[in-house]
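Working notes for the structure below.
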Amino acid sequence: MSTAPNKQPGDPETTGHEWDGIEEFNNPLPRWWLWTFYLTIIWGIGYTIAYPAWPLIQEATPGLLGYSTRAEVAEEISRVEAANADIESRLASIELTEISADPELQQYAVNAGAAVFRSWCSQCHGSGAAGVQAAGYPNLLDDDWLWGGDIEAIHYTIAHGIRNTEDFDARFSEMPAFGDILSEEEIAQVVAYVQQISGQEADATLVSAGAEIYLDNCASCHGDNGEGIRDLGAPNLTDAIWLYGGDAEALTYQIVNARNGVMPPWTNRLSEAEIRAVATYVHGLGGGETLEE
Amino acid sequence: MSSTDTEDPKLYAAREPVFPRRVSGAFRTFKWWFMGLALGIYYITPWIRWDRGPNLPDQAVLVDLAHRRFFFFMVEIWPHEFYFVAGLLIMAGLGLFLFTSALGRVWCGYACPQTVWTDLFILVERWVEGDRNARVRLWKSKWDFRKWRLRLTKWAIWLLIAVATGGAWVFYFTDAPTLLVDLLTFSAHPVAYTTIAILTATTFLFGGFFREQICIYACPWPRIQAAMMDEDTITVGYRDWRGEPRGKHRKGEGAEALGDCIDCMACVNVCPMGIDIRDGQQLACITCALCIDACDDVMEKIGKPRGLIDYMALSDEVRERGGKKPLSIWTHILRPRTMLYTSLYTIVGIGLVVALFLRQEIDVTVEPVRNPTFVTLSDGSVRNTYNLRLRNLTLEDRRFHLSLTSDALLRIDLEGTDELVVDVPANQMVQQRVYVIAPPRSEAATASLTDLRLWVEDLESTDRAYRDTVFNGRDQ
């Protein structure tokens, strides 16, 4: 040890570590560095007194300054809400059809609506609003609407919901389960007929009988030509879009069991401005219809 | 074993105060000029005006965090062009590699803010308290009225410099004249005051009190730069084969046996790091070259050639010991390593400049919506959605016409309008939902992927830009 050729009198001790003949001086630490270290300890203790720190059974010590991240978030939220109060009240009071004429309001409604949609609607309709066919959650991107696709119809559906028991103004209709009403053969015939009017290949021998059954049992809601009636929420059966699926199996299942989807009302959970915002957002996803004067 | 070995080594030591003596010479003169230049650039830059027209800041260099823009004279960088900043950082890194491998720690010795401001603070110190000997005496003297007066004067001037330093920093982030008025009327944002306070404190403490300790204990560069130097690097060194054995030259005492070093301690006394360069290469040496000036001065006085302490390459030691001349500086500097750094530096630099000039004035990004990949419409046609971000980098409102070209039969449609025109106001970005529709049972509707090209055309100038993307059919 300490045989380094460069070692001179007055050099500090070495640590005894050696790598390829290179040794390490054991220099003393600067004293102010030590004081800085003590200072950080004092600072650390002071910090735990001033700020929430020590975990107790129920909650942590609150700290003398009364700081809390939740309070900070709440403050931030109320600041943003105050900043948006004007445009929110404008959104809540303007005619629904006028929103799109005001670019600033439209932009705000689309962005705010997208946020509302992700929080409240995406659980059923999906984050991309494409719905879930297997579960009967409608696709909101296409140009087919069960209860209407203009801004006012969308707004009404969101506000009051569908087939719920909470809102007396909810949209309501019910398809009966034909499993007890029609025979299996009759159901197969009407399935063939529906396939034919929607442009699919169908067993021609069944179709003509199916047409008769359709007129007797289905036309009152789905219309004589199968194009549906929006006031009743009865889907158009002639187009390429299906709520529960359009093949023979899915059609048979629906006619036998008659699933009826439910949507909650949102007036009790969302503000009018939020409902209008999400209506504007959904209207702008690609299928929005213009209101007939 | 001697008794000192059994004693516990001291764990902590007080700082040895450093009192650098005034020195004059070629390097000191260069350092004064460079210091003036560096400080000048730092303090004056935010005040340079640059007319960009209405609605845009007229400050030549501005980091506009609120609007997420970086202005640098005629260049304006948007957040999506951050790669320019990344490129500049890469160039700064390569520049450091190049200079360190060629010239050692020149950054530390001349350009580092710690060096520049410490130099300035020492200048103030010398002006108030006198040169080295006077300062040593003052340090040792009692705290009487005179000492308090000198110390307080010095600290007050340091504080003014520190406030100006912290103050200049915030001007880079907002309009300087406006902010200056706000600062003086106490109506500026608290962030501005906090920033100034922090930078004032660090400047005051680092420049006035910590000085060489920042370089020795806090800064990572000395460790990193040591790894970038090699034996051909030009650095400050002591020709011990010429200087040793050192000793005072006294008449008639056999000065012939001694080297050129007369052990006058001039090199140690001028050193701002408080080290002895004659001990060899060391971590604490920032290669400020002041010892060269000091030694050259002494050599001239005793009638010896200059350069006992000098910029030199360590590989020349063997040659010089053998009585040969050292290689020329350029032989040392021009070697594969530095040439590699230079070419990398140049390539990145040219790449950035080219990218800057090739930047399109129509800036568009196409983000295909993949949730869901496609939508079936009631007539059986298949629709894809694309989110377009259109940026107008010019100062005039522009109207863009959108269209598409594809081998397949596809139709384009825009959300919220029956036209295929998007208005983008000056210096803004607009998002537009674009639909591309394939007819029922068409090739594109049934296939997996179909290529298409979206065109954006400025109706006024007929500038065009396109983006290639794909259309998703039913076969997923």
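The values are calculated or read from the model by the stated rules, or taken from the named source; none is laboratory data. All values derive from a computational prediction rather than experimental measurement. Positions of Cβ are generated from backbone atoms using ideal geometry, with glycine treated the same way; all protein chains shown enter the neighbour counts.
Summary of computed values
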quantity	calculated
Hits in region B:43-59 - residues which are in a helix (DSSP H, G or I) and surrounded by fewer than 17 Cβ atoms within 10 Å (Cβ to Cβ)	B:43, B:44, B:45, B:47
Selection within region A:126-139 - in contact with a helix residue (DSSP H, G or I) (Cβ under 8 Å, 6 or more places away or on another chain) and within 14 Å of chain B (Cβ to nearest Cβ)	A:127, A:129, A:131, A:132, A:137, A:138, A:139
Residue in region B:352-364 that is of a type outside the set (D, E, K, R), within 11 Å of another protein chain (Cβ to nearest Cβ) and exposed (fewer than 13 other Cβ atoms within 10 Å of the Cβ) present	no
Residues of region B:371-426 classified as touching a Lys or Arg at 6+ places or on another chain (Cβ under 9 Å), more than 10 Å from chain A (Cβ to nearest Cβ), aliphatic (A, V, I, L, M) and part of a loop (DSSP other than H, G, I, E, B), total	3
Single match in A:192, A:115 (criterion: under 16 Å from the mean Cα position of the chain (by Cα), more than 11 Å from chain B (Cβ to nearest Cβ) and not polar (S, T, N, Q))	A:115
Qualifying residues in region A:199-216 (those that are over 14 Å from residue A:185 (Cβ atoms) and surrounded by 14 or more Cβ atoms within 10 Å (Cβ to Cβ)) - the one nearest to the other protein chains (Cβ to nearest Cβ)	A:199
Region A:140-159, residues that are over 17 Å from residue A:238 (Cβ atoms) and under 18 Å from the mean Cα position of the chain (by Cα)	A:140, A:141, A:154, A:155, A:157, A:158, A:159
Residue count for region A:1-37, restricted to those that are modelled with pLDDT of 85 or more and surrounded by fewer than 10 Cβ atoms within 10 Å (Cβ to Cβ)	3
Single match in B:448, B:381, B:406 (criterion: within 21 Å of residue A:143 (Cβ to Cβ) and hydroxyl-bearing (Ser, Thr, Tyr))	B:381
Condition broken by residue A:175, with the remaining ones in (1) part of a loop (DSSP other than H, G, I, E, B); (2) within 12 Å of chain B (Cβ to nearest Cβ); (3) not acidic (Asp, Glu) satisfied	(2)
Search result, residues across region B:189-201 that are crowded, with 17+ Cβ neighbours inside 10 Å and either touching a Phe, Trp or Tyr at 6+ places or on another chain (Cβ under 9 Å) or at pLDDT below 90 (or both)	B:192, B:196, B:199
Count of residues meeting criterion [more than 36 Å from the chain's Cα centre (by Cα) and closer than 18 Å to residue B:291 by Cα] in region B:107-147	1
Leading residue by the ranking (farthest from residue A:195 (Cα to Cα)) among those in region A:234-260 that are touching a Cys at 6+ places or on another chain (Cβ under 9 Å) and either more than 14 Å from chain B (Cβ to nearest Cβ) or surrounded by fewer than 20 Cβ atoms within 10 Å (Cβ to Cβ) (or both)	A:234
Candidates A:65, A:96 - the one that is modelled with pLDDT under 95, within 18 Å of residue A:272 (Cα to Cα) and of a type in the set (A, V, I, L, M)	A:96
Flag for residue A:275 being in contact (Cβ under 8 Å) with a residue 40 or more places away in the chain, in a helix (DSSP H, G or I) and of a type in the set (A, V, I, L, M)	yes
Looking only at region A:18-72, and only at residues there that are of a type in the set (A, V, I, L, M) and part of a loop (DSSP other than H, G, I, E, B), the one that is farthest from residue B:284 (Cα to Cα)	A:57
Residues of region B:208-226 that turn out to be closer than 25 Å to residue B:330 by Cα and away from chain A (no Cβ under 14 Å), as a count	3
Qualifying positions in region A:20-42 - farther than 22 Å from residue B:16 by Cα and either within 13 Å of another protein chain (Cβ to nearest Cβ) or among the basic types (Lys, Arg) (or both)	A:22
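Yes or no, residue by residue, for (1) surrounded by fewer than 18 Cβ atoms within 10 Å (Cβ to Cβ); (2) free of Cβ contacts under 8 Å to residues at least 24 places away in the same chain; (3) not in a helix (DSSP H, G or I):
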residue	(1), (2), (3)
B:264	yes, no, yes
B:286	no, no, yes
B:300	yes, yes, no
B:320	yes, no, no
B:332	no, no, no
B:340	yes, yes, no
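One line per residue, one yes/no per condition, for (1) in the same structural domain as residue B:40 (by TED's automatic domain parsing); (2) within 30 Å of residue B:237 (Cα to Cα); (3) of a type in the set (D, E, K, R):
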| residue | (1), (2), (3) |
| --- | --- |
| B:86 | yes, no, no |
| B:101 | yes, yes, no |
| B:116 | yes, yes, no |
| B:122 | yes, yes, no |
| B:132 | yes, yes, yes |
| B:148 | yes, no, no |
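Yes/no per residue for (1) more than 20 Å from residue A:202 (Cα to Cα); (2) out of contact with any Leu (no Cβ under 8 Å at 6 or more places or on another chain):
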site: A:212; (1), (2): no, yes
site: A:215; (1), (2): no, yes
site: A:221; (1), (2): yes, no
site: A:225; (1), (2): no, yes
site: A:228; (1), (2): yes, no
site: A:242; (1), (2): no, yes
site: A:245; (1), (2): no, no
site: A:248; (1), (2): no, yes
site: A:253; (1), (2): no, yes
